[in-house]
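Presented below is the structure to which this report refers.
The values are calculated or read from the model by the stated rules, or taken from the named source; none is laboratory data. Fair warning: this is a prediction, and the values are worked out from it, not measured in the lab. Every residue, glycine as well, gets a Cβ built from its backbone with ideal geometry; the counts of neighbours run over all protein chains shown. Protein only, heavy atoms only, side chains kept; ligands, DNA and RNA dropped before computing areas. Shrake-Rupley method; radii C 1.70, N 1.55, O 1.52, S 1.80 Å.
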Amino acid sequence: MKKGYMVLMTIVVEALLLWAVSRILGWNFIDIVFLGGILIFGIKWLFSLYIHQENNEFNAHIKGYTGQKAGGVGPFEFHMTAIDAGLLLFILGSFLITFGAYFSYFI
């Protein structure tokens, strides 16, 4: 149940953030929602990748300079959390809403 609330709150916070950005820029919310959702997910994913890479570098430096095993170097693995699920559900929902709003242009 707690994860469901985290997913719901992620969707609500992301929608409010993108709504505020659309008001600041003076654009329609529907124009920014899909690409903004992808951008936020990409930033979160790249931040996780960066942290993992920095930890690998630190462990390699410790091993190289002192010979002590500090934790090892491993590949990046993406783990799905409640926040990630909320971000992905927001992207899916925003794609469907955007596609529905601009469906007449696709035909």
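Remarks
- Loop-resident GluC sites (Glu not before Pro) (DSSP state other than H, G, I, E or B) in region 35-95 with no more than 11 further Cβ atoms inside 10 Å of their Cβ: E77.
- Between 0 and 90 degrees, the angle of helix 82-101 with respect to the longest Cα principal axis of the chain falls at about 30 degrees.
- Loop-resident sites, the chain, for chymotrypsin sites (Phe, Trp or Tyr not before Pro), counting at most 10 other Cβ within 10 Å (DSSP): F78
- The long axis of helix 2-25 is offset from the longest Cα principal axis of the chain by roughly 60 degrees.
- Principal-axis analysis of the Cα atoms of the chain puts helix 29-66 at an angle of about 0° to the longest axis.
- The share of accessible area on the chain that comes from carbon and sulfur is 73 percent, using a 1.4 angstrom probe.
- For the chain, the solvent-accessible area with a 1.4 angstrom probe is 74 square angstrom per residue.
- Correct choice for P(r) over Cα pairs in 5 Å bins from 0, in percent that was computed from the model, options (1) 2, 11, 22, 24, 18, 14, 7, 2; (2) 2, 7, 9, 8, 8, 6, 7, 5, 6, 5, 6, 5, 5, 4, 4, 3, 2, 2, 1, 1, 1, 1, 1, 0, 0, 0; (3) 2, 12, 15, 16, 14, 11, 9, 7, 6, 4, 2, 1, 0: (3)
- Counting only protein chain heavy atoms and rolling a 1.4 Å probe, the accessible areas of S22, S104, S48 rank, largest first, as S104, S48, S22.
- Whichever aspartates and glutamates have a C-alpha closer than 20 Å to that of K63, once near sequence neighbours (fewer than 8 apart) are set aside: E54
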